[in-house]
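Chemist: Sharing a structure here in structure tokens format.
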Amino acid sequence: MNRPFLLSRQLAALLALALMTSTSTLNLRAFTGTVQKTEPQNSTSGMFTWENAVIQIEVTSKNYNYIQPWERSERKVYKSGVVVGGHQIITTADGLADQTLIRLKKQGDGLFSLGNVVWIDYQANLAVLTTDEKDFWTGLQPARLADPVPITGPVRILRWQNDRLENRQGEIDQITVEPSALSFVSVPVLKIDSTIPGAGYGEAITVNDKLIGLASQQDGDALTAIPTSFITSILQARQAKTYTGLGYFDFTWDPVENPLCLDYLKLPGPPRGVIVKETGLKPGVVSPVHPRDVILQIDGFDIDAEGNYRDPQYKKLVLENLSSRGKWAGMDCKLKIWRDGKEQDILYRLPKADYSDELVPNQSFDKDPEYVLAGGLVFVPLTEAYLRSWGMNWRQRAPFRLFYYNMDKVRPDRPQRVVLSQVLPSEANIGYESMRNTVIDEINGMKIKQISDIMTALKSPVNGFDVFKFEPGEPVQWAVLDAGEMDHTNQEIMTRYHIPADHVLNPVVAQNDPVKSTASVPMTQKPAVTHLP
Amino acid sequence: MPVPEGSESEKSVVQIITAFQEPDWASPWIFDLPRFASGTGFLIDGDRIMTNAHVVAWTKRLLVRRYHDPTPYFAQVEFVAQDLDLAVIKVEDPNFYKGMKPLDFGGLPKVRSAVVTYGFPAGGEQISYTRGVVSRIEVEGYVHIGNRAFLAVQTDAAINPGNSGGPVIQDGKVVGVAFEGISGLQNTGYFIPTVIIHHFLDDIKDGAYDGVPEAGLRLTALQNPAFRRMLKLPDDSKQGVRVDQILDIPTTKALIKPNDVIMQVGDYPVDYDGTITYEGNTVGVSAAIDMAQNNDTIPLKIWRDGKMIDVSLPVKVYTDDASQGNQYDVLPRYYIFGGLVFTPLSLDYLKTFGRDWNDSAGRDLIYELAYRHLEDPAHWRPEPVVLASILDHPVNANFTTRGQTMVDKINGIRIERLSDVPKAFAATKGPDAIIEFLPDHHFEVIRKDDAEKANPDILETYRVPAQSRL
């Protein structure tokens, strides 16, 4: 079972450790977990045991090198899922991107079945898996999902380790609202204190015979889980074909600590509501709320001066939760606002969360990394995946300006930043070899708004030369290559540096429609790979 | 160790002990504890002692100790060049100069030739000599000011703290002033060559130090054959450095264009790798440009549009970027209103965030200081202002922000420099002043009358001697 496999460079250190262990199943995030034999919690009833509901999932996926985007290696992760009936397993979306093989293992029985993705939503960090192997379902029992979930008390955290169901203790700290593990959209999360090592990969969070959440992230002893009440609401909407993806409030706001600010806005009465700061950050969407509006109420819930509302189930929660409390992208929220010295009722249509809403997308799934090679100059779109190439401390180590753009906003004239990541040295590009991580501004007089523009710009050389102009303030602003030699140079560099294609570009997704643009990425999206003749 | 350079020189080398005190750039009325540091100096013509600017920066008292003389002599700074890290100081007591001979200056030493540094490293009271060879001569960053680079000589002679300001001697003559090293790199010390020292001494002849003028040219080697063909340079030419970018200096912008090729600076032909030959050494072309004094005109031969032209480029000292470098001897400015402490954004201010200010100071503040003028000149401000801190008082107790944030507008007036702040508060219409911040457009409101009433109380409480230093 312990098959040799390729791992990314980042995991190379772990590999050394992994090969020294002789466990048949390796959880790459958890080598050190002590294994306990599980006592089924309601074994006395003889009906349901978690061993029949928790599934181990092995995912092999493509691992990209964003600095050398034509390179690809293999990555393997182990995670957990839970059977929910209808021959379906729910799990988190994390780790399923760019997958090449999914294998499922039940009841610690040592045999794997081939799995496949029925549905995945990276923004919500949820996925439904299944298998076509009919025998797999024999003996399995669907878990019951709690709704609402408890917000205090002990929990058990379950996952398969070495073919035994590991059962760890945890304690619910609170339910709160924070950005989803793979998105900028805020969703409800359970915070759980637990000493379980290496968790956050779909482990089942249970109370007695009910599932209350799936673990999604871990920071020390603080485990984050997606509550089943949120999962259920999405699964039900999906079944009813009303789920359109997560929407969000596309504005930022300030709590009102300084009552003089409300005085200034002429809001009478005690401090309440929050003051809108920035709006309409999503490209192509006109925001119905304006800066300095005071948000007083959302869907009938009063908003207090700290930005919280009183949730019927979970008490005090921050207002962002109302953008996904049974509402999805494209649906309307009723807002009561204070504007121009009077109360107004407006409808707020929730825009759909898209990774391209950000100038530097913080995630990219099921897409080959894009690049364009031009005479040894390697151009890539600026993404957070690219910045993360600087390792664990990428926020400190990545070039300052590239990191700065990570908090900059999309503008219609600048949907993307395109970076010269490196120059592959050849005779033609002598003098430019030290250029790297500089943002391109124009090629042949044409503004480069997104990476695909490079292909267009290179079709119109200036007097036989390709003229590259980088952002002002870069160490070098200009570079010139002979346009007539470009194809020949590219061919030579591809041979010399073992590069299969001179460019990889993904189809452009329409940005203007807040609902129709796809956040739930089709698993089969094929990048356009062009080989030179 | 034998000292072949003769024991006469050492009599002209002195130890300088400074007591200095630096201001706190986040609370500009507060000063650090006085501290002591020692450096080296040497006598030159005119009863002057030459040393480094960083030896005398922020000094409150300067002591000079002579070779084999127990008397401490008090000294005063006469001229200081923060950009060149050079200073001359004077001792009032005429007895000090008895028996001392000024040292003479030599030229640029050859690479691989031997030099001896004289100094008082690590604060020792005995003079120390270290011998080494010249390893390289290059344009290097001058770390005292932080945002300037000039010609410097690298040697493997040990240059340690305390050596700073000491002479580097060859054939009995001073060929440089020891000034910096690279921490963690052994046997890598740098000294300031005499071409730079003479620039300083020539500059102060008129009784004031102006500084090295800034031509405002970012130059890049031009070896790429396609680029050379596009600029119509002759195939066999190996000359010329390309103008890549031009600073916002009107005289330069009027005369020079991007992608001009500078073929010659003064008498120095420029090779296409961006170098000139100066006294037998290959050095960066900027060394030739930096020879000019303030208000000089530099004769340039420029290749433009396929032909050679002559351009006389007038150059001036440029101080618009002072806040991007380290500043000395001028107290930081501030303005306080209702406990809100406003100060200009500067590198010195960012350094108050601690050793890792690159991480801890906001990205937007660093971008504003270092990149905004280059990338986004439409939104650039000559002197961005930050709300550095808030001196707590009931009048500001409800503020959400607690400082360390950039000010956009006050009462709708865009704040372009510190002096705009008191003007904007004075322009308050109605009872409240509105302060808007960047980058996220947060705003705060303070009641003007209450703030004005609170001002004296706040200044008294926190022992701030004045409401402003503008």
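Chemist: Report yes if some residue within the stretch B:71-80 is of a type in the set (Ser, Thr, Tyr) and under 18 Å from B:TYR118 (Cβ atoms); otherwise report no.
Modeler: Step one: list which residues in the stretch B:71-80 are of a type in the set (Ser, Thr, Tyr), which gives B:71, B:73.
Retained after the next criterion (residues that are under 18 Å from B:TYR118 (Cβ atoms)): none.
Among the residues of the stretch B:71-80, not one is of a type in the set (Ser, Thr, Tyr) and under 18 Å from B:TYR118 (Cβ atoms), which makes the answer no.
Chemist: Next question, about the same structure. Quick one: in the stretch A:345-359, of everything that is of a type in the set (A, V, I, L, M, F, W, C) and buried (at least 23 other Cβ atoms within 10 Å of the Cβ), which residue is nearest to the chain's Cα centre (by Cα)?
Modeler: Taking the stretch A:345-359 first, the residues of a type in the set (A, V, I, L, M, F, W, C) are A:346-347, A:350, A:353, A:359.
From what is left, the residues that are buried (at least 23 other Cβ atoms within 10 Å of the Cβ) are A:350, A:353.
Details: A:LEU350: 19, A:ALA353: 11 Å.
Once the filter is applied, the top-ranked residue is A:ALA353.
Chemist: Return only the number of the condition from (1) crowded, with 20+ Cβ neighbours inside 10 Å; (2) within 14 Å of chain B (Cβ to nearest Cβ); (3) aliphatic (A, V, I, L, M) that A:LEU265 does not satisfy.
Modeler: Against the list (1) crowded, with 20+ Cβ neighbours inside 10 Å; (2) within 14 Å of chain B (Cβ to nearest Cβ); (3) aliphatic (A, V, I, L, M), A:LEU265 comes up short only on (1).
Chemist: Name every residue in the stretch B:108-129 that is closer than 19 Å to B:HIS68 by Cβ and either part of a strand (DSSP E or B) or among the aliphatic types (A, V, I, L, M) (or both), in order of residue number. Walk me through how you get there before you give the answer.
Modeler: Residues of the stretch B:108-129 that are closer than 19 Å to B:HIS68 by Cβ, as a first pass: B:118-121, B:123-129.
Hits for the stretch B:108-129 are B:TYR118, B:GLY119, B:ILE127, B:SER128, B:TYR129.
Chemist: Name the residue, out of A:GLN217, A:GLN297, that is closer than 30 Å to A:VAL84 by Cβ and not basic (Lys, Arg). Spell out the reasoning first.
Modeler: Details: A:GLN297 fails: closer than 30 Å to A:VAL84 by Cβ.
A:GLN217 is the lone residue from the list that is closer than 30 Å to A:VAL84 by Cβ and not basic (Lys, Arg).
Chemist: Pick out the one residue from A:PRO288, A:PRO271 that is out of contact with any Ser or Thr (no Cβ under 6 Å at 6 or more places or on another chain), within 11 Å of another protein chain (Cβ to nearest Cβ) and either surrounded by 20 or more Cβ atoms within 10 Å (Cβ to Cβ) or not basic (Lys, Arg) (or both). Steps first, answer last, please.
Modeler: Working: A:PRO288 fails: within 11 Å of another protein chain (Cβ to nearest Cβ).
From the options A:PRO288, A:PRO271, the qualifying one is A:PRO271.
Chemist: List the number of the failed condition for A:VAL529; all other conditions in (1) more than 14 Å from chain B (Cβ to nearest Cβ); (2) outside any loop (DSSP other than H, G, I, E, B); (3) surrounded by fewer than 18 Cβ atoms within 10 Å (Cβ to Cβ); (4) modelled with pLDDT of 80 or more hold.
Modeler: In the conditions (1) more than 14 Å from chain B (Cβ to nearest Cβ); (2) outside any loop (DSSP other than H, G, I, E, B); (3) surrounded by fewer than 18 Cβ atoms within 10 Å (Cβ to Cβ); (4) modelled with pLDDT of 80 or more, A:VAL529 misses (4) alone.
Chemist: Considering the stretch B:243-272 alone, what residues qualify as being surrounded by fewer than 20 Cβ atoms within 10 Å (Cβ to Cβ), within 14 Å of another protein chain (Cβ to nearest Cβ) and within 27 Å of the chain's Cα centre (by Cα)?
Modeler: Residues satisfying the conditions are B:GLN245, B:ILE246, B:LEU247, B:ASP248, B:LYS253, B:PRO258.
Chemist: Turning to a different aspect of this structure: Scan the stretch B:147-167 residue by residue and report those that are assigned to a loop (DSSP other than H, G, I, E, B) and closer than 17 Å to B:SER286 by Cα.
Modeler: First pass over the stretch B:147-167, keeping only residues assigned to a loop (DSSP other than H, G, I, E, B): B:147-148, B:156-166.
Of everything in the stretch B:147-167, those that are assigned to a loop (DSSP other than H, G, I, E, B) and closer than 17 Å to B:SER286 by Cα turn out to be B:ASN147, B:ARG148.
Chemist: Just one of the numbered conditions (1) touching a residue at least 40 places away in the same chain (Cβ under 8 Å); (2) within 14 Å of chain A (Cβ to nearest Cβ); (3) surrounded by fewer than 19 Cβ atoms within 10 Å (Cβ to Cβ); (4) in a loop (DSSP other than H, G, I, E, B) is not true of B:PHE399; which one?
Modeler: (3)
Chemist: Sticking with this one: Filter the strands (runs of 3 or more DSSP E) completely within the stretch A:441-513 down to those with at least 2 residues that are closer than 29 Å to B:VAL243 by Cβ. Steps first, please.
Modeler: Values: elements: A:465-470, A:478-482, A:503-505.
Ranges flagged: A:465-470, A:478-482.
Chemist: Here are B:GLY207, B:GLY216: which of them is surrounded by 19 or more Cβ atoms within 10 Å (Cβ to Cβ) and not hydrophobic (A, V, I, L, M, F, W, C)? Before you say what the answer is, go through the steps one by one.
Modeler: Numbers: B:GLY207 fails: surrounded by 19 or more Cβ atoms within 10 Å (Cβ to Cβ).
Testing whether each residue is surrounded by 19 or more Cβ atoms within 10 Å (Cβ to Cβ) and not hydrophobic (A, V, I, L, M, F, W, C) leaves just B:GLY216.
Chemist: Looking at (1) within 13 Å of chain A (Cβ to nearest Cβ); (2) modelled with pLDDT of 95 or more; (3) in contact with an Asp or Glu (Cβ under 7 Å, 6 or more places away or on another chain), can you tell me which one B:MET406 breaks?
Modeler: Just one mismatch for B:MET406, condition (1).
Chemist: Considering only residues that are within 12 Å of another protein chain (Cβ to nearest Cβ) and small (Gly, Ala, Ser), look in the stretch B:419-438 and name the one that is surrounded by the fewest Cβ atoms within 10 Å (Cβ to Cβ).
Modeler: B:GLY430
Chemist: For B:TYR142, state whether it is buried (at least 20 other Cβ atoms within 10 Å of the Cβ), under 19 Å from the mean Cα position of the chain (by Cα) and among the hydroxyl-bearing types (Ser, Thr, Tyr). Reasoning before the result, please.
Modeler: Details: buried (at least 20 other Cβ atoms within 10 Å of the Cβ): yes; under 19 Å from the mean Cα position of the chain (by Cα): yes; among the hydroxyl-bearing types (Ser, Thr, Tyr): yes.
Taking the combined requirement at face value, the residue satisfies it.
Chemist: Working carefully through the options A:ALA457, A:ALA479, find the one that is over 29 Å from the mean Cα position of the chain (by Cα), buried (at least 20 other Cβ atoms within 10 Å of the Cβ) and more than 10 Å from every other protein chain (Cβ to nearest Cβ).
Modeler: Values: A:ALA479 fails: more than 10 Å from every other protein chain (Cβ to nearest Cβ).
None of the others qualify; the one that does is A:ALA457.
Chemist: Moving to a separate point now. Which number in (1) within 11 Å of chain B (Cβ to nearest Cβ); (2) touching a residue at least 24 places away in the same chain (Cβ under 8 Å); (3) charged (D, E, K, R) marks the one condition that A:ARG417 misses?
Modeler: (1)
Chemist: Any residue in the stretch B:59-84 that is in contact (Cβ under 8 Å) with a residue 40 or more places away in the chain sitting within a Cβ distance under 6 Å of a residue that is surrounded by 23 or more Cβ atoms within 10 Å (Cβ to Cβ) and among the aromatic types (Phe, Trp, Tyr)? List the pairs, counting only those 6 or more apart or interchain.
Modeler: Filtered contacts from the stretch B:59-84: B:ALA81/B:PHE200; B:LEU84/B:PHE200.
Chemist: Continuing with this model, one more query. Run A:ASP408 past the list (1) buried (at least 20 other Cβ atoms within 10 Å of the Cβ); (2) more than 24 Å from A:SER460 (Cβ to Cβ) and report the number of the one that doesn't hold.
Modeler: So A:ASP408 meets the others, but not (1).
Chemist: In this structure, does B:VAL341 turn out to be more than 14 Å from chain A (Cβ to nearest Cβ) and surrounded by fewer than 17 Cβ atoms within 10 Å (Cβ to Cβ)? Spell out the reasoning first.
Modeler: Working: more than 14 Å from chain A (Cβ to nearest Cβ): yes; surrounded by fewer than 17 Cβ atoms within 10 Å (Cβ to Cβ): no.
No; evaluated as a whole, the condition is false for this residue.
Chemist: Which residues, taken from the stretch B:439-470, are within 34 Å of the chain's Cα centre (by Cα), away from chain A (no Cβ under 11 Å) and surrounded by fewer than 19 Cβ atoms within 10 Å (Cβ to Cβ)?
Modeler: Looking only at the stretch B:439-470, we keep the residues that are within 34 Å of the chain's Cα centre (by Cα), and these are B:439-441, B:459, B:462-470.
If we keep only those that are away from chain A (no Cβ under 11 Å) too, we end up with B:459, B:462-470.
If the condition is that a residue be within 34 Å of the chain's Cα centre (by Cα), away from chain A (no Cβ under 11 Å) and surrounded by fewer than 19 Cβ atoms within 10 Å (Cβ to Cβ), then B:LEU459, B:TYR462, B:ARG463, B:PRO465, B:ALA466, B:GLN467, B:SER468, B:ARG469, B:LEU470 are the ones that fit.
Okay, residues lined up against (1) under 25 Å from the mean Cα position of the chain (by Cα); (2) more than 30 Å from A:GLY307 (Cα to Cα); (3) touching a residue at least 24 places away in the same chain (Cβ under 8 Å):
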| position | (1), (2), (3) |
| --- | --- |
| A:ARG159 | yes, yes, yes |
| A:ASN167 | no, yes, yes |
| A:ASP173 | yes, no, yes |
| A:PRO179 | yes, no, no |
| A:LEU182 | yes, no, yes |
| A:VAL187 | yes, no, yes |
| A:ASP193 | yes, no, yes |
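Chemist: B:TYR190 is checked against (1) more than 14 Å from every other protein chain (Cβ to nearest Cβ); (2) under 30 Å from A:ASP466 (Cα atoms) and fails just one. What number does that condition carry?
Modeler: Status for B:TYR190: all satisfied but (2).
Chemist: All but one of (1) more than 10 Å from every other protein chain (Cβ to nearest Cβ); (2) of a type in the set (Gly, Ala, Ser); (3) surrounded by 21 or more Cβ atoms within 10 Å (Cβ to Cβ) hold for A:ALA398; state the number of the condition that does not hold.
Modeler: Only one criterion in (1) more than 10 Å from every other protein chain (Cβ to nearest Cβ); (2) of a type in the set (Gly, Ala, Ser); (3) surrounded by 21 or more Cβ atoms within 10 Å (Cβ to Cβ) is unmet by A:ALA398, namely (3).
Let's see how each residue does on (1) free of Cβ contacts under 8 Å to residues at least 24 places away in the same chain; (2) among the hydrophobic types (A, V, I, L, M, F, W, C):
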{"site": "A:ILE231", "(1), (2)": "no, yes"}
{"site": "A:GLN239", "(1), (2)": "yes, no"}
{"site": "A:ASP263", "(1), (2)": "yes, no"}
{"site": "A:PRO271", "(1), (2)": "no, no"}
{"site": "A:VAL285", "(1), (2)": "no, yes"}
{"site": "A:PRO291", "(1), (2)": "yes, no"}
{"site": "A:ILE298", "(1), (2)": "no, yes"}
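Chemist: Identify all residues within the stretch B:354-377 that are free of Cβ contacts under 8 Å to residues at least 12 places away in the same chain, in a loop (DSSP other than H, G, I, E, B) and away from chain A (no Cβ under 11 Å); write none if there are none.
Modeler: Of everything in the stretch B:354-377, those that are free of Cβ contacts under 8 Å to residues at least 12 places away in the same chain, in a loop (DSSP other than H, G, I, E, B) and away from chain A (no Cβ under 11 Å) turn out to be B:GLY354, B:ARG355.
Chemist: Those residues that are modelled with pLDDT of 95 or more and crowded, with 18+ Cβ neighbours inside 10 Å, I need them from the stretch A:306-320; list them, please.
Modeler: Those that are modelled with pLDDT of 95 or more and crowded, with 18+ Cβ neighbours inside 10 Å: A:GLY307, A:ASN308, A:TYR309, A:ASP311, A:LEU317, A:VAL318, A:LEU319, A:GLU320.
The values are calculated or read from the model by the stated rules, or taken from the named source; none is laboratory data. Computed from a prediction, not measured in an experiment: that's the story for all the values here. All Cβ positions, even for glycine, are placed from backbone atoms using ideal geometry, and neighbour counts span all protein chains on display.
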